[in-house]
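Q: Take a look at the following structure, please.
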Amino acid sequence: MRVYVPLTLSRLAEAYKAGELGAETASLGAYAVTPALREWCATDDVEELEYAALSQAALASLKLIAKEPGAARRRVVLAADVADGALEDAGRAGAGELGEVRVAGVLPFKKVAAVHVDAEDAEADVAAALGSAGQGDGGGDGVEDHELLWFATQEVPGLIG
C-alpha cells in the first residue's frame, strides 16, 4: 500500500543519511487511503483518494514544522510502499486523524517511491500558516494554494543540500 509520511527538510536529511525512517519509535506516523478517508472523499477514483492522503500528510508536515522552530518553511511528504500487514489504521482506533495510519517497525529508505516538497516560493505562506494559528493548521493563509513538487529519490541530495 502507498503511504505518505510527513516530514521536515531536516528530518528528510536525517532519514536519507540513516537509510531508514522510524528507528527511534515503535511505529511511524503516515497517511494512506483508509476506509474512513474513502468514505469522506465519496469517490472511488484512486488518484483523488491518494491526493487526499497526500494532502493530509502535507498538513501534518506543517504541524511538524511548527514544532521545529529552526526547520525550513517547506512542507515535505515521502511517498512509500509498504506491506498492508505493516499498517494500523490510527483513525479507526479513534486515536488519529482522517487517513492516518501507523507503520510498524522501520521503513527502509529504499521503499520510498518519491518525495513531495514545497517550492521555495511557498515559504512565506508556510510561515504565515504557522503564525496564524501557532499550530500549523493551514487554514485560510494561502498555503493550500501551493502544490507540492514531485522529486525522484535520486534528487534528495539536492533537496537537503
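The values are calculated or read from the model by the stated rules, or taken from the named source; none is laboratory data. Everything quoted here is computed from the prediction, not taken from an experiment. So basically every Cβ, Gly included, is an ideal-geometry build from the backbone, and we count neighbours across all protein chains shown.
Q: Among the residues of the stretch 65-92, which ones are part of a helix (DSSP H, G or I) and either surrounded by 23 or more Cβ atoms within 10 Å (Cβ to Cβ) or out of contact with any strand residue (DSSP E or B) (no Cβ under 6 Å at 6 or more places or on another chain) (or both)?
A: Of the residues in the stretch 65-92, the ones part of a helix (DSSP H, G or I) are 65-67, 84-86.
If the condition is that a residue be part of a helix (DSSP H, G or I) and either surrounded by 23 or more Cβ atoms within 10 Å (Cβ to Cβ) or out of contact with any strand residue (DSSP E or B) (no Cβ under 6 Å at 6 or more places or on another chain) (or both), then Ile65, Ala66, Lys67, Asp84, Gly85 are the ones that fit.
Q: List pairs: first residue in the stretch 90-106 and farther than 12 Å from Pro35 by Cα, second residue modelled with pLDDT of 85 or more and part of a strand (DSSP E or B) anywhere in the structure, Cβ distance under 6 angstrom, at least six positions apart or on different chains.
A: Pairs found: Val103/Leu28; Val103/Ala30; Val106/Glu20.
Q: May I ask you to list the residues in the stretch 34-53 that are surrounded by fewer than 22 Cβ atoms within 10 Å (Cβ to Cβ) and either in a loop (DSSP other than H, G, I, E, B) or touching a residue at least 24 places away in the same chain (Cβ under 8 Å) (or both)? Write out each step before concluding.
A: Restricting attention to the stretch 34-53, the residues satisfying the condition of being surrounded by fewer than 22 Cβ atoms within 10 Å (Cβ to Cβ) are 35-36, 38-52.
Across the stretch 34-53, the qualifying residues are Pro35, Ala36, Trp40, Ala42, Thr43, Asp44, Asp45, Glu50, Ala52.
Q: Next up: Could you go through the stretch 133-148 and let me know if any residue there is farther than 13 Å from Arg75 by Cβ, at pLDDT below 95 and in a helix (DSSP H, G or I).
A: yes
Q: I would also like to ask the following. Tell me which residues, restricted to the stretch 7-33, are among the polar types (S, T, N, Q), at pLDDT 90 or above and not in a helix (DSSP H, G or I).
A: First pass over the stretch 7-33, keeping only residues among the polar types (S, T, N, Q): 8, 10, 25, 27.
Cutting the leftovers down to at pLDDT 90 or above gives us 8, 10.
Listed by number, the list holds a single entry, Thr8.
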